[in-house]
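A quick write-up on the structure given underneath.
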Amino acid sequence: MKLAEALQERADLKIKLSNLSSRITNNCLCQEGEKPAEDPNALIKEYDECIGRFNYLVEKINLTNCRTDVDGKTLTSLLAEKDALSLRVSMYRNLVNTASSGAQRARRTEIKILSTVNVAKLQKTADELARELRVLDNKIQAANWTSDLIE
């Protein structure tokens, strides 16, 4: 199994676990003399089986990420770099959006609000960081599809 396939299965399991949890909760009580729409004990059994598979996948994904080398760095390191870069891109984009709203006032006698930063320079930085993020994400995705999951 490729790492990317394991990541997809893990994502699917997270959704299934969430749905099962809701179904268990929705069927754990019913009116006296009535039956729940689904057997909560069967749902709990299915949930526990899914948790077992989820645990296995997370362990193997993490192990694979730690042992897979991409241009001299582990996938774990690249993923941490991607998370940090994503945070930077988000902050710069938010800053540019706020700072580019321009001067705000309704009348000449009101206080004028001005940007305290160079919006053009920040926009250029945000664009460069976004490009770096795309390149890094492509590198990670390529590694995910070419790396076998460590068993």
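Could you tell me whether segment 130-149 includes any residue that is exposed (fewer than 14 other Cβ atoms within 10 Å of the Cβ), outside any helix (DSSP H, G or I) and not assigned by TED's automatic domain parsing to the domain that holds residue 23? Within segment 130-149, one or more residues are exposed (fewer than 14 other Cβ atoms within 10 Å of the Cβ), outside any helix (DSSP H, G or I) and not assigned by TED's automatic domain parsing to the domain that holds residue 23. Could you grab me the full set of residues in segment 10-39 that are without any contact (Cβ under 8 Å) to a residue 24 or more places away in the chain, assigned to a helix (DSSP H, G or I) and among the small types (Gly, Ala, Ser)? Those that are without any contact (Cβ under 8 Å) to a residue 24 or more places away in the chain, assigned to a helix (DSSP H, G or I) and among the small types (Gly, Ala, Ser): 11, 18, 22.
Quick one: is residue 87 exposed (fewer than 13 other Cβ atoms within 10 Å of the Cβ), in a helix (DSSP H, G or I) and assigned by TED's automatic domain parsing to the domain that holds residue 128? Yes, satisfied. Of the numbered criteria (1) of a type in the set (Val, Ile, Thr); (2) outside any helix (DSSP H, G or I); (3) in contact (Cβ under 8 Å) with a residue 24 or more places away in the chain, the one residue 111 fails is (3).
In this structure, does residue 68 turn out to be closer than 30 Å to residue 148 by Cβ and in contact with a Leu (Cβ under 7 Å, 6 or more places away or on another chain)? So residue 68 fits the description; yes.
If only residues of segment 70-100 that are acidic (Asp, Glu) and in contact with a helix residue (DSSP H, G or I) (Cβ under 8 Å, 6 or more places away or on another chain) are counted, the one that is farthest from residue 121 (Cα to Cα) is 71. Taken over segment 114-141, the criterion of being without any contact (Cβ under 8 Å) to a residue 12 or more places away in the chain and among the hydrophobic types (A, V, I, L, M, F, W, C) is satisfied by 114, 120, 135. Among the residues of segment 64-80, just one is in a helix (DSSP H, G or I) and in contact with a Lys or Arg (Cβ under 8 Å, 6 or more places away or on another chain), namely 78.
The values are calculated or read from the model by the stated rules, or taken from the named source; none is laboratory data. Predicted model, so just to flag it, every value in this text is computed and none were measured. Cβ coordinates were reconstructed from backbone atoms using ideal geometry, including for glycine residues, and neighbour counts include every protein chain displayed.
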